[in-house]
1. Any idea what the relative contact order of the chain is, in percent, if you count C-alpha pairs under 8 Å spaced at least 6 apart?
2. Take the alpha carbon atoms of segment 24-75, find their center, do the same for segment 137-216, and report the distance between the two centers in whole angstrom.
3. What does the C-alpha gyration tensor say about the overall shape of segment 81-238? Classify as rounded when a/c is under 1.5, otherwise prolate if a/b is larger than b/c, or oblate.
4. Can you work out ³J(HN,Hα) from phi for every residue in segment 23-30, in order, using Karplus 6.51 cos²θ - 1.76 cosθ + 1.60 and θ = phi - 60°, giving whole Hz and x for Gly and Pro?
5. Leaving out ligands, DNA and RNA, what percent of the accessible area of the chain is carbon and sulfur, probe 1.4 Å?
6. May I ask you to give the solvent-accessible area per residue for the chain, in square angstrom, as obtained with a 1.4 angstrom probe?
7. Compute the Cα gyration tensor for segment 165-238, then decide on rounded, prolate or oblate, letting a ≥ b ≥ c be the square roots of its eigenvalues: rounded whenever a/c is under 1.5, prolate when a/b is larger than b/c in the other cases, and oblate in all that remain.
8. Would you please give the residues with an amide H less than 5 Å from that of Tyr209, counting only those at least 5 places away or on a separate chain, with H modeled from the backbone geometry?
Amino acid sequence: MANEILSVDELQVSYGVIKAVKGITLSVEEGSIVTIIGSNGAGKSTTLGAVSGLIRPSGGKVSFRGNNINRLGAARTAKLGISLVPEGRRIFSNLTVRENLLMGAYNRKDKEEIEGNFEAVFSLFPVLKERLKQSGGTLSGGEQQMLAIGRSLMANPDLIMMDEPSLGLAPIVVEEVFQAIQTLNSRGVTILLVEQNAAKALEISKYAYVLETGKITLQGSAKELLESEEVRKVYLGI
Ligand code: ATP
């Protein structure tokens, strides 16, 4: 691929004797939105964990802008420009919205830049500006998801990986989150998305992969997958 920001080559991840990811190869073009769909337990979160350095792969290679990042931990991949919005949001309930956001900028020092990041987050999610002093735990589910995405933006990432950002949200909030993902992408951020809401995810994606029990079983442009009989039957319920 000409303009590849992330490439995953024959990635394998095991938890003890359980092989969760069995040699997957995928590629993300800079500036694009790419989606991984798959049922529960397919290995989607594990894949994102391995790319972000939270989980150590047992085989294969992960490259970011052409550099092997297999052995870097999460702090160093964050510095390189990779950010993960984890499943279930994982915000800090007892910290304020402002403090939660600052956690995302923990490895940055430039005060002015951090202020600029706050503004970028507020322009995407104005509601967070109104809630700055409120504790994270008192936000609605949708606001917590916005906070989780906002926190990841505070690190100034080039690639954001989002694990099930629409999970458990009301339809109108799902719309808002998907809208925000597209806005972010139009600002130049590359997005790797993991979603159960395959219809919505494919609608905004350029390319997509189907992951089943640790293996890629299907891939293509989002348009191709939306038209695929298997995807329509299994993931879109049509
Ligand atoms: P979901 O949508 O349900 O989160 P997923 O596609 O993200 O599913 P993973 O969470 O990556 O799937 O899990 C892949 C496999 O690895 C599953 O069989 C799961 O039970 C197993 N697994 C995940 N985390 C661990 C762990 N910490 N220890 C042992 N097994 C694990």
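The values are calculated or read from the model by the stated rules, or taken from the named source; none is laboratory data. The structure displayed is predicted, hence computed values, not measured ones. The area values use the complete protein model at the heavy-atom level, side chains included, leaving out ligands, DNA and RNA. Shrake-Rupley method; radii C 1.70, N 1.55, O 1.52, S 1.80 Å.
1. RCO, the chain: 26 percent.
2. One Cα centre to the other: 16 Å.
3. Prolate is the answer for segment 81-238, as a/c is 1.5 or above and a/b outweighs b/c.
4. x, 9, 10, 8, 9, 10, 7, 4
5. 50 percent
6. I get 47 Å² per residue for the chain.
7. prolate
8. So Tyr209 has HN proximity to Thr35, Ile36, Ile37.
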